């Protein structure tokens, strides 16, 4: 609490003397970091106006602070301004070319919003290549994101990303589900079953994986297992779209 109070006081003091020409560069950087954290806090609360104000102030105070335009890019995405978001994400990536979080943010945007998987994968690969010693990054998450993007253009490459994600974290459920879905789409229900069982063994569940489990077990002819998945889906996710896909007369 003392540290937080001290930072807030420092921010007020910096604001009070703005324009006086007496601020040092270190004080400007500290002020920028404070406004960055405040902006991210407002973003988490979905207070986009306050978040934008704080993040723009951080960028003015320290133009080299790469995370500020990255966070502001997300604000612009939520404000439904994709052109502004892309400009900010690219600025962040130019300022932080070896920051895996920033590269991941741009890659996700390019793949999901711009529908440009080829360029997105180049940024994913750059993020994945950053050594862990440079910045602690989640290699499982990066590879799973890259695999999800690659599925649109190259399922084989996508599977490689997903398997690499599991090498980093054998219980990374996004990769397990995607590998199950890839196997199911390829007509390999037994392999799909194995990944579904690994997913559920992690202690997590989702409507999508339970629906896929129901489909797989039906294809394998195990009516009891299929019914078990259907019942779990209706019990755990009764309002989900996936539950609505089950036959109405299924008991």
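A short reminder: the numbers here are calculations on the coordinates, not readings from a lab. Values in this document were obtained by computation on a predicted structure and should not be read as measured data. Methodologically, a virtual Cβ is constructed for each residue, glycine included, from the backbone with ideal geometry; neighbour enumeration extends over all protein chains shown.
Per residue, the average separation of C-alpha pairs within less than 8 Å and at least 6 apart gives the stretch 172-251 a relative contact order of 24 percent. Ellipticity at 222 nm from helices only: DSSP H runs of n ≥ 4 in the chain, each -39500 (n - 2.57), divided by the residue count, give -23500 deg cm²/dmol. For the chain, the longest principal axis of the C-alpha atoms and the axis of helix 48-61 are separated by about 50°.
Extension gain for residue 163 to residue 133 (0.36 nm times residue separation, less C-alpha to C-alpha distance): 8.6 nm.
Contact order for the chain, expressed relative to its length and based on alpha carbon pairs under 8 Å spaced 6+ residues apart, stands at 8 percent. If a/c stays under 1.5 just call it rounded; otherwise compare a/b with b/c (prolate if a/b is bigger, oblate if not). Do that for the stretch 172-251, with a ≥ b ≥ c from the square roots of the Cα gyration tensor eigenvalues. In terms of gyration-tensor shape, oblate. Between the Cα long axis of helix 2-16 and the first principal axis of the chain there is an angle of about 50°, rounded to the nearest 10.
Using 1/(1 + (r/R0)^6) with R0 = 41 angstrom and r between the beta carbons of residue 50 and residue 98, what's the FRET efficiency to the nearest 0.05? E(calc), rounded to 0.05, equals 0.85. Distance between the 7 Å Cα→Cβ label points at residue 205 and residue 188: 2.8 nm. For the chain, the longest principal axis of the C-alpha atoms and the axis of helix 155-168 are separated by about 70°. Across the stretch 80-185, the mean sequence separation of Cα contacts (distance under 8 Å, 6 or more residues apart), normalised by length, yields a relative contact order of 19 percent. Spin-label model, residue 122/residue 250: points 7 Å from Cα along the beta carbon direction are separated by 4.4 nm.
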